[in-house]
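Before any comments, here is the structure.
Any read-out appearing in this document is the output of simple, stated calculations on the displayed coordinates, not a laboratory observation. This is a predicted model, so every value here is computed, not measured. Glycine gets a Cβ as well: all are built from the backbone with ideal geometry, and neighbour counts include every protein chain shown.
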Protein chains: 4
Amino acid sequence: VSSLDVLQRLQHTLRERKTAQADSSLVASSYVANLYAKGTDAICKKVAEEAAETIMAAKDGDREHLVKEVADVWFHTLVLLNHFEGGVSDVLAELERREGVSGITEKAARSATGESS
Amino acid sequence: VSSLDVLQRLQHTLRERKTAQADSSLVASSYVANLYAKGTDAICKKVAEEAAETIMAAKDGDREHLVKEVADVWFHTLVLLNHFEGGVSDVLAELERREGVSGITEKAARSATGESS
Amino acid sequence: VSSLDVLQRLQHTLRERKTAQADSSLVASSYVANLYAKGTDAICKKVAEEAAETIMAAKDGDREHLVKEVADVWFHTLVLLNHFEGGVSDVLAELERREGVSGITEKAARSATGESS
Amino acid sequence: VSSLDVLQRLQHTLRERKTAQADSSLVASSYVANLYAKGTDAICKKVAEEAAETIMAAKDGDREHLVKEVADVWFHTLVLLNHFEGGVSDVLAELERREGVSGITEKAARSATGESS
């Protein structure tokens, strides 16, 4: 699905904002550059906030709200990863590594022959 | 990058486990099916735990650990979304929707022509 | 220790602010009355934030900061309890109830005769 | 109210357990001694879990459950404080310090003359 590319574009932008941060005149222009500048604690606090809002949306049984909060969680965990020079590909590689471990690959391969997702 | 497909395979598996849950004899066979069976609070609790561990890994400045914890957060937020009949594509669509809003698309397009990430 | 009275005074004030909230002209005058007015989600979000900051202070090994964050957690959980017509005495009664269950009372009584704290 | 003493007794017990931890043969005998032995991350994880459960109880509008979860939060933040050689009196002193700052003392004093809590 082409929409998976959004993660790559997001990763590109998050890394770019990190470079921009070095140029202090640009800091004010970006929510993300501001977060980088505030540092680890500020980014972690956002991760905690969005996780709490995810839980509250789930408790409300409000799927539309839940989707937005999960997107916020993914976004801010990516900001945090980029803050430590990591990124989307690290998360995907880790999820892929676990496929092998848990036998998810075989199961997915098998079901891919007939069932829909 | 082909590894983006891991999210689609994961989504496929998470949905499959949800169907499996209906067959109670299979519940014990899967961590995810068990989580679905325990319900919203149990899944939310895992999201909170993994978010906390993400924060602690960041405070330790341990990038390798951080990557694993972020993968755990993504995994469990996807379990939560599937619990409410949502999935990976909802999160990606939401992130894509925001690109348009924030002008990230234009910036990414521009930078793709010459600037490095 | 007389300083335990601070919890009773805090409880008194938190309940008072709740009454004040009904008089909309007073809402702006108090941080707590504002929180009540914003409702359950806003108060829960503060509880999550302060819990995250508690964790970060602990990871920093900064006891002075940790004390402040724990005080923030206690304060906001009391606001939440008062929002649902509960209060300090409920928490203390619950902790007291557990003493009996876990045999903490006996142990404390025994140690009070000779051991230091 | 005499039940405020429960916090002092709890503080006494938590400090006692900390000493007991040094005698490894006793570690298995106590939930708290085990937590101390596991260290900062394990205690922080419990704080995060109990905060999340507090939020979920509030979202359920279940006051009885909420009281139990808030008691769990207070308990585990006290374990964390004791892990760093702090305790109940630090939290109470901090809350007392804020009374002066916010004028809560005056308000409480004034209202103590007539209004009920």
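Extension gain for C:ASP60 to C:LYS18 (0.36 nm times residue separation, less C-alpha to C-alpha distance): 11.6 nm.
For the stretch A:37-51, 3J(HN,Hα) computed residue by residue from phi via the Karplus equation (6.51, -1.76, 1.60; θ = phi - 60°) reads 5, 6, x, 3, 4, 5, 5, 4, 4, 5, 4, 5, 4, 5, 5 Hz, glycine and proline entered as x.
If R0 is taken as 45 Å, the Cβ-Cβ distance between C:GLU85 and B:LYS38 corresponds to a FRET efficiency of 0.90. Listed peptides A:42-50, D:55-63 appear in the order A:42-50, D:55-63 once ranked by packing, highest mean of other Cβ atoms within 10 Å at the front. Plainly put, the tip 7 Å out from Cα toward Cβ on A:GLU64 is 3.6, 4.5, 4.9 nm from that tip on each other copy, the closest given first.
Look at the stretch C:13-20: the mean tally of other chain Cβ atoms within 10 Å of its residues' Cβ atoms is 3.
Looking down the axis that turns chain B into chain C, the chain B residue with its beta carbon nearest that axis, and the gap rounded to whole angstrom, comes out as B:LYS59, 2.
I need the inter-copy label distances for A:THR19: point set 7 Å along Cα to C-beta, values in nm with one decimal, smallest first. Result for A:THR19, in nm, nearest copy first: 4.5, 6.1, 6.2. Residues of the stretch A:82-97 falling in the label zone of B:ASP5, defined by backbone nitrogen less than 15 Å from a point 7 Å along Cα to beta-carbon, are A:93, A:96-97.
With its label point defined 7 Å out from Cα along the Cα-to-Cβ axis, A:ASN34 lies at 1.7, 4.3, 4.5 nm from the matching points of the other copies, in increasing order. When the pairs C:LYS46/C:LYS68; B:LYS18/B:LYS59; C:LYS45/D:LYS45; A:LYS46/B:LYS68 are compared against a 23 Å limit on Cα-Cα distance, B:LYS18/B:LYS59 fall above it.
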